[in-house]
């Protein structure tokens, strides 16, 4: 399978715990994006990387959220001190650096905070 | 005002009919426009994109863009029950084409 992969697919945690998600983009894609989607809404942009550089962060990404892409390949998204409001689907997408910027999504990680 | 607006639906069409899905956007400087399909519990799947005024066809799908009216639509010809899903419109702005703004999606039901 050469698509975007995400791990884990589901995560249940207790409020206050830290969680980390991983995304592996399509191999030739140098741009990587994180989005969050709640029920009945479209995905909301969180952050994006070009290679290893994090170029933009949304105001949605509070200090409890951190994302990395250390070698320009896979990326991790960490949420510290989780809150019930963090429950959502976390989506990763990747694209090549061209003017059209077609973004292809992975299967997502569904987070439930109890 | 939301960046991207879509009627939440559901839009119900009979099998074989044309389904018409609409999207409006608020930023006149928006540059590229994308349609995604999302089945329940799954992630969005890219259908097609358009960036010039007019029509763009890909198989049973046609995207239509009218920048003057800030309006983009997706037509699905010969609708099939397997087309039943939520259709998301996404828009990127000139100067920041990496950040997509998504609508909330329109739910389409194709009845056999």
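Against the definition (assigned to a strand (DSSP E or B), in contact with a strand residue (DSSP E or B) (Cβ under 8 Å, 6 or more places away or on another chain) and closer than 28 Å to residue A:31 by Cβ), how does residue B:91 come out, yes or no? Even if it seems obvious, please write down each step before you answer.
Numbers: assigned to a strand (DSSP E or B): yes; in contact with a strand residue (DSSP E or B) (Cβ under 8 Å, 6 or more places away or on another chain): yes; closer than 28 Å to residue A:31 by Cβ: yes.
Judged against the criteria, residue B:91 is a match.
Just to be sure I understand, how many residues within segment B:73-112 are in contact (Cβ under 8 Å) with a residue 40 or more places away in the chain and away from chain A (no Cβ under 14 Å)?
Here is the first cut: in segment B:73-112, the ones in contact (Cβ under 8 Å) with a residue 40 or more places away in the chain are B:73-81, B:83, B:85-95, B:97, B:100-112.
Then drop every residue that is not away from chain A (no Cβ under 14 Å), which leaves B:73-81, B:83, B:108-112.
Selection size over segment B:73-112: 15.
Return a yes/no flag: does segment A:83-98 have any residue that is within 14 Å of another protein chain (Cβ to nearest Cβ), crowded, with 16+ Cβ neighbours inside 10 Å and assigned to a loop (DSSP other than H, G, I, E, B).
Taking segment A:83-98 as the starting set, the residues that turn out to be within 14 Å of another protein chain (Cβ to nearest Cβ) are A:88-98.
When the remaining residues are screened for being crowded, with 16+ Cβ neighbours inside 10 Å, the result is A:88-95.
Right, trim to assigned to a loop (DSSP other than H, G, I, E, B) and you get none.
The answer is no; no qualifying residue exists.
Within segment A:49-68, is even one residue out of contact with any helix residue (DSSP H, G or I) (no Cβ under 9 Å at 6 or more places or on another chain) and at positive phi? It would help to see each step written out before you state the result.
Taking segment A:49-68 as the starting set, the residues that turn out to be out of contact with any helix residue (DSSP H, G or I) (no Cβ under 9 Å at 6 or more places or on another chain) are A:49-63, A:66-68.
Subsequent filtering for residues that are at positive phi retains A:51.
So far as segment A:49-68 goes, yes, one or more of its residues are out of contact with any helix residue (DSSP H, G or I) (no Cβ under 9 Å at 6 or more places or on another chain) and at positive phi.
Looking at segment B:53-66, which of the residues that are assigned to a loop (DSSP other than H, G, I, E, B) and in contact with a strand residue (DSSP E or B) (Cβ under 7 Å, 6 or more places away or on another chain) is nearest to residue B:91 (Cα to Cα)? Can you show your working first?
Step one: list which residues in segment B:53-66 are assigned to a loop (DSSP other than H, G, I, E, B), which gives B:53, B:59-60.
With the extra rule that they be in contact with a strand residue (DSSP E or B) (Cβ under 7 Å, 6 or more places away or on another chain), the set shrinks to B:53, B:60.
Numbers: B:53: 14, B:60: 22 Å.
Step by step, filter segment B:53-66, then rank; the result is B:53.
Here is a list: B:56, B:42. Which entry is more than 18 Å from residue A:42 (Cα to Cα), more than 10 Å from the chain's Cα centre (by Cα) and surrounded by 12 or more Cβ atoms within 10 Å (Cβ to Cβ)? Walk me through how you get there before you give the answer.
Numbers: B:42 fails: more than 18 Å from residue A:42 (Cα to Cα).
One residue alone meets the criteria, B:56.
Scan segment A:42-53 residue by residue and report those that are surrounded by fewer than 16 Cβ atoms within 10 Å (Cβ to Cβ) and in a strand (DSSP E or B).
If we filter segment A:42-53 for residues that are surrounded by fewer than 16 Cβ atoms within 10 Å (Cβ to Cβ), which is where we start, we get A:51-53.
Across segment A:42-53, the qualifying residue is only A:53.
Test residue A:103 against the criterion of being in contact with a strand residue (DSSP E or B) (Cβ under 6 Å, 6 or more places away or on another chain), touching a residue at least 60 places away in the same chain (Cβ under 8 Å) and under 24 Å from residue B:107 (Cβ atoms), and give yes or no.
On the way: in contact with a strand residue (DSSP E or B) (Cβ under 6 Å, 6 or more places away or on another chain): yes; touching a residue at least 60 places away in the same chain (Cβ under 8 Å): yes; under 24 Å from residue B:107 (Cβ atoms): yes.
Here the answer is yes, as residue A:103 does meet what is asked.
Any read-out appearing in this document is the output of simple, stated calculations on the displayed coordinates, not a laboratory observation. If you're wondering where the values come from, they're calculated on a predicted model, not measured in any experiment. Please note: Cβ atoms are built from the backbone with ideal geometry, for glycine as well, and neighbour counts cover all protein chains shown.
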